[in-house]
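One structure below.
What follows is calculated from the coordinates using simple rules that are stated; it is not laboratory data. All figures in this text were calculated on a predicted structure; none of them were measured in a lab. As a convention, Cβ positions derive from the backbone with ideal geometry for all residues, glycine included, and neighbour counts pool all protein chains shown.
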Amino acid sequence: ESFKLTHALRSIHDGILVGGRTFLVDNPRLNNRLWYPKSKMKVNHPRPIILDTELRNTLAMLRNNSDKDKNPIRAKNILVCCSH
């Protein structure tokens with residue numbers, strides 16, 4: 001039940017924010033897979049926004065992603081923000 005509520009909340013927002021370390025460790029999908037509108041409307045997926053002050057975690061994730069069969073990045077259309 002709580003998973004469905006989380007995905008319902010995702011469906012009404014434009015973005016979902018996570019830290020760089022969470023992105024590296026958890027490799028979250030950050031999309032809406034469990035909530036579908038009752039009408040035939042298109043399902044809204046929030047844009048993943050990653051805050052990584054030095055880009056260390058994001059770059060590590062991208063380096064680890066060189067073998068897409070082993071460790072693919074699951075989030076799509078990512079926006080990364082840093083302080084430099």
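List of remarks:
- Multiplying the residue separation of Asn27 and Leu79 by 0.36 nm and removing their Cα-Cα distance gives an extension gain of 17.3 nm.
- Percent of alpha-carbon pairs separated by more than 20 Å within segment 1-62: 35
- Label-to-label distance, nm, for residues given as Glu54 and Leu9 (7 Å Cα→Cβ offset): 3.1
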